[in-house]
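What follows is a set of notes on a single structure, which appears directly below.
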Amino acid sequence: MTTSSTGVPNTEPPVDPNVRAGDAAQTPAAGGGSGSRRAGDTIFLGLSVGSGALVIALVTLIGVFLLMQAIPALARNEANFLTSSEWTVAGDHPRFGIASMLWVTVSSSIIALLVAVPLGVGVALFLTQYAPPWLQQPAAALVDLLAAVPSIVYGLWGALYFGFFIRDSGIQQGLNSVLGWIPIFATPPGSTTVSSASTIFIIGLVLAIMILPIITALSREVFAQTPVTHKEGALALGATKWEMIKTAVLPFGKPGVISASMLGLGRALGETVAVLIIVSALAPSAPWSFSVFRGGETFASRIANNAGEFDTPAKTGAYLAAGLVLFLLTFVVNAIARVVIERRKAFTE
Amino acid sequence: MSTVTAPADARDNSSTPAHLELGSKSGGRAAKNTIATIVMWACFFLAMVPLVWILYAVLSEGLHMLFTSSWWSTSQANMTSRLSGGGAYHAIMGTLLMAAVTSIISVPIGIFTAIYLVEYGRGTFARVVSFMVDILTGVPSIVAGLFIYAVFITTLGGQRNGFASSLALMLLMIPVIVRSTEEMLKLVPNELREASYALGVPKWKTIASVVLPTAFGGIVTGVLLGLARVMGETAPLLILTPYTKFINMNLFNGYMATLPTMINQERTEALAPAIERSWGTALTLILIILVLNVAGRLVAHFSKVK
């Protein structure tokens, strides 16, 4: 079993990864000269290039279409799109802005990262360095199984079990009473206690579980590629196993962990239905607060929450504008992940 | 965490490797090593807690629903949230139909893109395609749904139906297929291609009758895993294909039930019989996804590229 949950096999291809597998083919294909080029080759090349072009076109079109249909709505918007938290999209005087959605989206994803990255790295180290050989494969498959659980099931479980568990565990109250002077952990306005089971904090933890398999799978892959000479060198110098990991494995795997975290972040930012089910939406009149101990809506959950309302282009445009911001956000995050991977040639291609 | 590096401390313990941990390391370093070991094991068990918990919750709440024959043969027609029972046939069929159409569209596009990247692609265009596949992998499913809404419904004046969702799911499935197929094609030894060219076989025929058959098992695995991913997607369906209680086998006309939207519908009704159905549906969905996953891995196992 060589395929991880992300579809990336763990084994290195037997060919030199820097040489395209088709390189050898250049000469015979081109050698016939353009005149005698066979029809089958032309068709096949056309289909392949066409599919590649289609992929480029699709990504471009996503941006273009969202932008095109968001612009009229943005032009009619009477509030500041970036700094306002209002969301009135119907009628002649629409006022909408993304500030609160942006905060809820980013803060829940950051909580997810803060939990999932150390845990994922720990699990990946366990799988590659600590687990006895007989356990490595089945344990990795179990972690991958977390990725196979549909997000709506996470939502259901989070809303009916996990949320109440966290609420009753006192973790939120504890953070609130110790760190309550930081606005992020403050008691939300309009309530005196931290006693909700549908908060940004809780969805952050659920998102952490959801992105854990992504972070684990990619980290595991780079950790497993640590040159044996580095590890043995550290051990020969008298390092303990942990010191060997700290001086050989972790530095080697750092770019992989960073890009894995970015991919996880991208996934957390765009998660829809788990957020939709677990986090309660706030009343439009709720005052602004940085607190993570209250509900809210992310870009994705607000769009999904109001999917039934897409009846006029003006209304739809506002949601498309929110979707566009989310698309750009994930685009940037994924591009960073890609760049980090590219810099490290030892990884993937 | 200490910043002391291994070589600096290495002098005092060059002997007795058998007692590396306890005998010769200074107490602090040995203790740190032990703590690290415990932490790593704890991380793994901590990661297993939600998995076990979710599976337990779904099984304990939903399993009994699956043992009734009506679950597999009837829809939710004439049911209300106060009535217990009914079936998920309409949603199962909806999910399967949608997945079938999604793969009919995505599989050729994904495979040909991978063929381009491995067999033909060189230079800037190939790099752009590869980059765009990565970006497509990261497109949130809700954005894929919005995009199809903007094209299919706002611009082309279509109606919300099952096919619109299939198009959105296609966007999510293509990159999975491209990546897995690409990896598999790279595993095909170059000698096979060269042998084929040496016999005068044209390039397209080499790809179609040597490269693809060799990588076939891996490609099937990728398709099955991609299918498992899109079947669990909910967000685009919420926008593009509203839920209905009735059986609708026509992707091009009318609302359509799917397992994810059925879970969502039943859980919003909040009464016990509905919540019970929502767990039953969740279990059904997990089982279908699990079957696809296991099938994918079995295919991978029995048809490794030699």
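The values are calculated or read from the model by the stated rules, or taken from the named source; none is laboratory data. Since this is a predicted model, take the numbers as computed values, not measurements. Positions of Cβ are generated from backbone atoms using ideal geometry, with glycine treated the same way; all protein chains shown enter the neighbour counts.
So the values come out like this:
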item: Residue within segment B:82-102 that is of a type in the set (S, T, N, Q), at pLDDT 90 or above and within 30 Å of residue A:155 (Cα to Cα) present; result: yes
item: Scan of segment A:42-58 for residues that are facing another protein chain (nearest Cβ under 7 Å) and either buried (at least 18 other Cβ atoms within 10 Å of the Cβ) or hydroxyl-bearing (Ser, Thr, Tyr) (or both), ordered by number; result: A:44, A:45, A:47, A:48, A:49, A:51, A:52, A:55, A:56, A:58
item: Members of segment B:255-277 found to be surrounded by fewer than 23 Cβ atoms within 10 Å (Cβ to Cβ) and either under 27 Å from residue A:142 (Cβ atoms) or of a type in the set (Lys, Arg) (or both), listed by number; result: B:267
item: Residue count, segment A:85-111 (criterion: surrounded by fewer than 18 Cβ atoms within 10 Å (Cβ to Cβ) and assigned to a helix (DSSP H, G or I)); result: 3
item: Test set (1) buried (at least 21 other Cβ atoms within 10 Å of the Cβ); (2) at pLDDT below 90 - residue A:315 fails condition number; result: (1)
item: Top-ranked residue in segment B:55-114 [being among the hydroxyl-bearing types (Ser, Thr, Tyr) and closer than 30 Å to residue B:221 by Cα; ranked as surrounded by the most Cβ atoms within 10 Å (Cβ to Cβ)]; result: B:113
item: Total residues in segment A:197-231, condition assigned to a loop (DSSP other than H, G, I, E, B) and touching a Phe, Trp or Tyr at 6+ places or on another chain (Cβ under 7 Å); result: 3
item: Answer from B:266, B:276, B:233 - the residue that is within 12 Å of another protein chain (Cβ to nearest Cβ) and either among the aromatic types (Phe, Trp, Tyr) or closer than 19 Å to residue B:148 by Cβ (or both); result: B:233
item: Counted residues, segment A:59-84 - those being out of contact with any Pro (no Cβ under 9 Å at 6 or more places or on another chain), surrounded by fewer than 20 Cβ atoms within 10 Å (Cβ to Cβ) and among the small types (Gly, Ala, Ser); result: 3
item: Residue in segment A:311-322 that is part of a loop (DSSP other than H, G, I, E, B) and over 25 Å from the mean Cα position of the chain (by Cα) present; result: yes
item: Set A:265, A:328, A:282: member being surrounded by 18 or more Cβ atoms within 10 Å (Cβ to Cβ) and either within 11 Å of chain B (Cβ to nearest Cβ) or of a type in the set (S, T, N, Q) (or both); result: A:265
item: Residue match in segment B:160-183 (condition: more than 30 Å from residue B:71 (Cα to Cα) and in contact with a strand residue (DSSP E or B) (Cβ under 8 Å, 6 or more places away or on another chain)); result: yes
item: Condition met for residue A:137 (part of a helix (DSSP H, G or I) and in contact with a helix residue (DSSP H, G or I) (Cβ under 8 Å, 6 or more places away or on another chain)); result: no
item: The one condition in (1) surrounded by fewer than 24 Cβ atoms within 10 Å (Cβ to Cβ); (2) small (Gly, Ala, Ser); (3) at pLDDT 90 or above that residue B:280 fails to fulfil; result: (1)
item: Residue match in segment B:191-199 (condition: modelled with pLDDT under 95, in the same structural domain as residue B:113 (by TED's automatic domain parsing) and surrounded by 23 or more Cβ atoms within 10 Å (Cβ to Cβ)); result: yes
item: Filter result (of a type in the set (Val, Ile, Thr) and more than 18 Å from residue A:43 (Cβ to Cβ)) within segment B:180-205; result: B:181, B:188
item: Pairs, first farther than 17 Å from residue A:150 by Cα in segment B:264-280, second small (Gly, Ala, Ser), C-beta under 6 Å, six or more apart; result: B:269/B:81; B:271/B:81; B:273/B:84; B:274/B:81
item: Residue within segment A:183-200 that is surrounded by 24 or more Cβ atoms within 10 Å (Cβ to Cβ) and within 20 Å of residue A:109 (Cβ to Cβ) present; result: yes
item: Hits in segment B:183-225 (condition: outside any loop (DSSP other than H, G, I, E, B), at the interface with chain A (Cβ under 7 Å from one of its Cβ atoms) and not hydrophobic (A, V, I, L, M, F, W, C)); result: B:183, B:186, B:190, B:193, B:194, B:197, B:203, B:205, B:221, B:222
item: Selected residue (criterion: surrounded by the most Cβ atoms within 10 Å (Cβ to Cβ)) from residues of segment B:135-161 that are in contact (Cβ under 8 Å) with a residue 24 or more places away in the chain and of a type in the set (Gly, Ala, Ser); result: B:145
item: Matching residues, segment A:173-196, being at pLDDT 85 or above and assigned to a loop (DSSP other than H, G, I, E, B); result: A:180, A:181, A:182, A:186, A:187, A:188, A:196
item: Count - residues of segment A:134-153 that are surrounded by 18 or more Cβ atoms within 10 Å (Cβ to Cβ) and more than 7 Å from chain B (Cβ to nearest Cβ); result: 3
item: Residue selected from segment B:237-254 under the condition surrounded by 24 or more Cβ atoms within 10 Å (Cβ to Cβ) and more than 9 Å from chain A (Cβ to nearest Cβ), by the criterion farthest from residue B:136 (Cα to Cα); result: B:241
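Conditions (1) free of Cβ contacts under 8 Å to residues at least 40 places away in the same chain; (2) within 11 Å of another protein chain (Cβ to nearest Cβ), marked per residue:
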position	(1), (2)
B:82	no, no
B:86	no, no
B:90	no, no
B:94	no, no
B:106	no, yes
B:110	no, yes
B:115	no, yes
B:122	yes, yes
B:128	yes, yes
